[in-house]
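Asks: Next up is a structure, given as structure tokens.
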Amino acid sequence: MMATYVLDGTRIRTLDDFWQVLMDAFDGPGRQYFGRNLDAFADCLSGGPGGPDAEDYIVEWRDHAVSRKHLGYPETVRQLELRLSRCHPSNRAAVEARLAAARDQRGRTVFDQLVEIFESRAPGVLRLK
């Protein structure tokens, strides 16, 4: 039997909100099992820690348009500013370039990155509702 995990897009206004909603869906409220970053998320979908218990599953991202709006360029800029404040000096130029593009509303948003990770690590699992 296929399991369905539901993400409530109305609760997702920041990337931190996404992590919490995802962990609540996969693991139950209050449990925090995987690192709150894109690499850990990709690992989680590939069978790593924090992933769903079911082998056959779908993820319904309900009200995803609300999340898409909130995880758009303003949140992308915020995340890149955080990354820039703690990245290795050798990565600064790349992060600064991505930050400049996001400020000009160009390039991938946080929402885009999350959907791309779903598609690359768990093809066909994500249903945007």
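The values are calculated or read from the model by the stated rules, or taken from the named source; none is laboratory data. As the structure is a computational prediction, the values presented were derived from the model and not from experiment. Here the Cβ positions follow ideal geometry from the backbone for every residue, glycine too, while neighbour counts run over all protein chains shown. For the accessible areas, the whole protein counts, side chains as well, though only heavy atoms, and no ligand, DNA or RNA atoms are used. Shrake-Rupley method; radii C 1.70, N 1.55, O 1.52, S 1.80 Å.
Asks: Long-range amide H contacts for Leu126: which residues qualify at under 5 Å (H placed 1.01 Å from N, peptide plane, sequence gap of 5 or more or a different chain)?
Replies: Long-range HN contacts for Leu126: Val59.
Asks: Another one. For the chain, place one equal point scatterer on every Cα, skip the solvent, and apply the Debye formula. What is log10 of I(q)/I(0) at q = 0.15, 0.20 Å⁻¹?
Replies: Computed log10 I(q)/I(0) values: -0.71, -1.18.
Asks: Carbon and sulfur together cover what percent of the accessible area of the stretch 53-129 at a 1.4 Å probe radius?
Replies: Details: 2230 of 4640 Å².
Exposed carbon and sulfur together represent 48 percent of the surface.
Asks: Sequence-distant or interchain residues sharing an amide H contact under 5 Å with Ala3, placed H: which?
Replies: Asp56, Tyr57, Ile58
Asks: Rounding to the nearest 10 and keeping the result within 0 to 90°, find how far the Cα-based axis of helix 110-121 lies from the longest principal axis of the chain.
Replies: Value to nearest ten degrees: 50.
Asks: In degrees between 0 and 90, to the nearest 10, how far off the longest principal axis of the chain does helix 73-86 point, with axes built from Cα atoms?
Replies: The angle comes out near 70 degrees.
Asks: Over the chain, average the accessible area per residue using a 1.4 Å probe and give it in Å², no decimals. Intermediate results must be reported in sequence, preceding the final value.
Replies: Numbers: 7160 Å² over 129 residues.
Per-residue accessible area for the chain comes out at 55 Å².
Asks: Let me ask you something else. Determine the shape class of the stretch 17-87: with a ≥ b ≥ c the square roots of the Cα gyration tensor eigenvalues, call it rounded for a/c under 1.5, and otherwise prolate if a/b is greater than b/c, oblate otherwise. Walk me through the intermediate numbers first.
Replies: Values: a/c = 2.20, a/b = 1.41, b/c = 1.56.
Verdict is oblate for the stretch 17-87.
Asks: Right, next: Taking every pair of Cα atoms in the stretch 58-127, average 1/r, invert it to obtain the Kirkwood radius, and report Rg/Rh to two decimals.
Replies: Numbers: Rg = 13.7 Å, Rh = 13.1 Å.
We get a ratio of 1.05 for the stretch 58-127.
Asks: While we're on this one: Nearest 20 debye, what's the magnitude of the dipole of the stretch 19-129 about its Cα centre given +1 on Lys and Arg Cβ and -1 on Asp and Glu Cβ?
Replies: Values: 16 positive and 16 negative charges, 118 e Å.
My answer is approximately 560 debye.
Asks: Okay, next question. Under the rule of -39500 (n - 2.57) per DSSP H run of 4 or more residues, summed and divided by the residues of the chain, what mean residue ellipticity at 222 nm is obtained, to the nearest 500 deg cm²/dmol? Intermediate results must be reported in sequence, preceding the final value.
Replies: Details: 6 runs with 66 residues, N = 129.
For the chain, the value works out to -15500 deg cm²/dmol.
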